[in-house]
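One structure below.
The values are calculated or read from the model by the stated rules, or taken from the named source; none is laboratory data. Just so we're clear, the structure is a prediction, and the values are computed from it rather than from any experiment. Virtual Cβ from ideal backbone geometry, glycine too; neighbours counted across all protein chains shown.
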Amino acid sequence: MPLVSAGVIFTTVFLTSFVSGIFGMAGGLILMGVLVSLVGVASAMIIHGVIQMFANGYRAYLLRAYMIWPVFGFYCLGAVAGIGLLIFVSWTPDRRLVYLMLGLIPLLLWLPKNLLRLNIERPGQSILAGFCVQVLNTLVGVAGPLLDIFFVRSSMGRQQIVATKSVTQSLSHLVKASFWSWPVIAQAGWAAMPPIYLFIIALPLSMLGTRLGGLVLQRMTDDRFRRWMRSLVTIIGSIFLLRAAGLY
């Protein structure tokens, strides 16, 4: 991998981990878009999966006191069902399709609240979230905004939202990294995998960005958190739609 590309990835990992440390999402969208522009789709999925798994896991650890474990338990049931479906899927999207999906997914946050009466605190809907998010995250790379619409009507505070979302996303990215790694290893061997130094440097950067973002989160109000999160992912989604259309 060229040193310039590696440098761009390291910088992006730190900045996007900082953003995700505040909002529990959005950073993954940006990181995925950058990775797809620098490396192949399969490599992008693997790199993104590993980095996001550790970043989300560390964020969940930092906010473990706020974790809503019953929600995570039911989410896992749905995720297992999603993994069962993925076993029978063989699909590789091209770059333009990835950009299109990265642009469309954030628009889910603008669905009227009364249109979908979803609440992650309800066991059945938590299971549904686990299934849908796991499948979409594995095949497209990112599913944070989809997960977020399950949290809109919840009674959770901002720390509980970020903590619970982080542990669910850590699981989702673990599955994604595994899903995309096995075919690469089977077809071309370990030499075709992203270089190990990339992870050795990127993972501490993701932890540092997550830590600093968490400090900002503590100073925000719940109202400002929800408002800024929606605006941020909408801007990011619009940029990716332009990229998918070849206009950017």
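Brief remarks follow.
- Of the criteria (1) at pLDDT below 85; (2) more than 24 Å from Ile120 (Cβ to Cβ); (3) in contact with a helix residue (DSSP H, G or I) (Cβ under 6 Å, 6 or more places away or on another chain); (4) assigned to a helix (DSSP H, G or I), which one Tyr248 fails: (4)
- Filter result for Pro194 (surrounded by fewer than 20 Cβ atoms within 10 Å (Cβ to Cβ) and either in contact (Cβ under 8 Å) with a residue 12 or more places away in the chain or basic (Lys, Arg) (or both)): no
- Here Arg122 meets the list (1) crowded, with 17+ Cβ neighbours inside 10 Å; (2) more than 22 Å from Phe179 (Cα to Cα); (3) touching a residue at least 24 places away in the same chain (Cβ under 8 Å) almost entirely, failing just condition (3).
- Residue satisfying all of: in the stretch 25-42; surrounded by fewer than 24 Cβ atoms within 10 Å (Cβ to Cβ) and under 13 Å from Leu15 (Cα atoms); modelled with the highest pLDDT among these: Val34
- Lone unmet requirement of (1) within 30 Å of Arg95 (Cβ to Cβ); (2) surrounded by 20 or more Cβ atoms within 10 Å (Cβ to Cβ); (3) over 17 Å from the mean Cα position of the chain (by Cα); (4) not small (Gly, Ala, Ser) for Arg158: (1)
- Among the residues of the stretch 181-226, the ones that are among the charged types (D, E, K, R) and within 20 Å of the chain's Cα centre (by Cα) come to 2 in all.
- Where a residue in the stretch 64-87 is over 16 Å from Ile161 (Cα atoms) and its partner, wherever it lies, is β-branched (Val, Ile, Thr) and crowded, with 16+ Cβ neighbours inside 10 Å, with Cβ under 7 Å and at least six apart: Leu77/Ile127; Gly78/Ile127; Gly82/Val135; Ile83/Val175; Leu85/Val135; Leu86/Val135; Leu86/Thr138
Condition check ((1) of a type in the set (D, E, K, R); (2) within 17 Å of the chain's Cα centre (by Cα)) across all residues:
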residue	(1), (2)
Arg59	yes, yes
Cys76	no, yes
Ala81	no, no
Ile87	no, no
Leu100	no, yes
